[in-house]
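Working notes for the structure below.
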Amino acid sequence: MVFYNRSNEAGALLKPGDFDWADLFGKGVRWFHSGGIFAALSETTSELILEGMRAAKKSGAINSFDLNYRAKLWAPIGGLERAQKVLRGIVSHVDALIGNEEDLQKGLGITGPEVASKSKLNPDTFFQMIERVVAQFPNIKMVATTLREVHSANRHDWGAVLWLNGKRYVSPTCQLDVIDRIGGGDGFAAGLLYGLITGREPEQALRLGWAHGALLTTFPGDVSMARLEEVEAFAKGGSARVQR
């Protein structure tokens, strides 16, 4: 059971006009990233995301978005109908999208197989859904997600997939001894985007995301303690052992 203690937090009070986007992007910002949790915090946060994305596009920066559909957060501000309207509006400005099957189905209203009826490690199911996403949002050039099969609270199988400019990439699958699963998806996104920003090949960028997300689940809490050399070693086929 997850509870969100987000009412009246500072972030929820943010609104359009609070940031000088021209100044920020004028200093060389190349990538703008946000997500569905921030979009659901209040009536104004989604509008702030759109303002930022328009400024990013104007400056030539890349826009990315992690759907992260959370029904409990959307419930107080309009529920599923409101969520889909807002998220679809945001995704129409996005170059790179991150989200699993459930995010695509519930957050964007994309039809697909029943989430609970398919193996989470089957990449073909996800790639089939991507075709439907891109048909509705031709602005999207990249879609990625993690694949997780849960055997118990602390034993998961872990993989990831990337669709980039029509080409498909699939990570290896590994078995994780999980300490805390919260944050694994964010760790994947961070590693993947780091790889792309630093000019890595798509396969290598995907492996960096897959490796960082995996390592993050071996730490308590949702903040990474992995060093770059540990992530790169795991991505190349090493173990999740600490590099000393």
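Across the range 27-140, how many lysine pairs, 8 or more apart or on two chains, come within less than 17 Å at their alpha-carbon atoms? Numbers along the way, then the final one.
Working: K27/K57; K27/K58; K72/K85; K72/K106; K85/K106; K106/K118; K106/K120.
Step by step, the pairs that qualify in the range 27-140 add up to 7.
To make sure I understand, if each residue's beta carbon is the centre and we count other beta carbons within 10 Å, what order do M225, M129 fall in, fewest to most?
On the way: M225 12, M129 23.
So the ranking, lowest neighbour count to highest, is M225, M129.
Take every Cα pair under 8 Å whose residues are at least 6 apart in sequence, average their separation, divide by the length of the chain, and the relative contact order is 11 percent. Averaged over residues, the count of other Cβ atoms within 10 Å places the peptides 189-197, 31-39 in the sequence 189-197, 31-39, highest first.
Spin-label model, V150 to N8: label points 7 Å out along the Cα-to-beta-carbon direction sit 3.2 nm apart. A simple spin-label model places the labels of E102 and R181 0.9 nm from each other, with each point 7 Å out along Cα-to-Cβ.
Dividing the C-alpha radius of gyration of the range 142-238 by 2.2 N^0.38 Å, with N its residue count, gives 0.98. The distance from the alpha carbon centre of the range 152-188 to that of the range 18-45 is 26 Å, rounded to a whole number.
Farthest towards the positive end of the charge dipole of the range 131-212, among the residues W210, S152, C174, is the Cα of W210, using unit charges on the Cβ of Lys, Arg, Asp and Glu.
Quick one: order D95, D20, D103 by neighbouring beta-carbon count within 10 Å, fewest to most. Working shown, then result.
Working: D95 18, D20 10, D103 22.
The most exposed by this proxy come first: D20, D95, D103.
Among S7, S46, the order by Cβ neighbours within 10 angstrom, fewest to most, reads S7, S46.
Okay, helix-only estimate at 222 nm for the chain: each DSSP H run of n ≥ 4 adds -39500 (n - 2.57), divide by all residues, round to 500 deg cm²/dmol; what do you get?
Per the formula, -11500 deg cm²/dmol.
Quick one: net charge around L193, please, counting Lys, Arg +1 and Asp, Glu -1 for every other residue with C-beta under 14 Å from its C-beta. Could the numbers behind the result be given before it?
On the way: positive: R30, K141, R200, R207; negative: D66, D95, D186.
That sum, taken over residues with Cβ under 14 Å, equals +1.
No value in this document is a laboratory result; all are computed from the given coordinates. These numbers come from a predicted model, not from an experiment. All Cβ positions, even for glycine, are placed from backbone atoms using ideal geometry, and neighbour counts span all protein chains on display.
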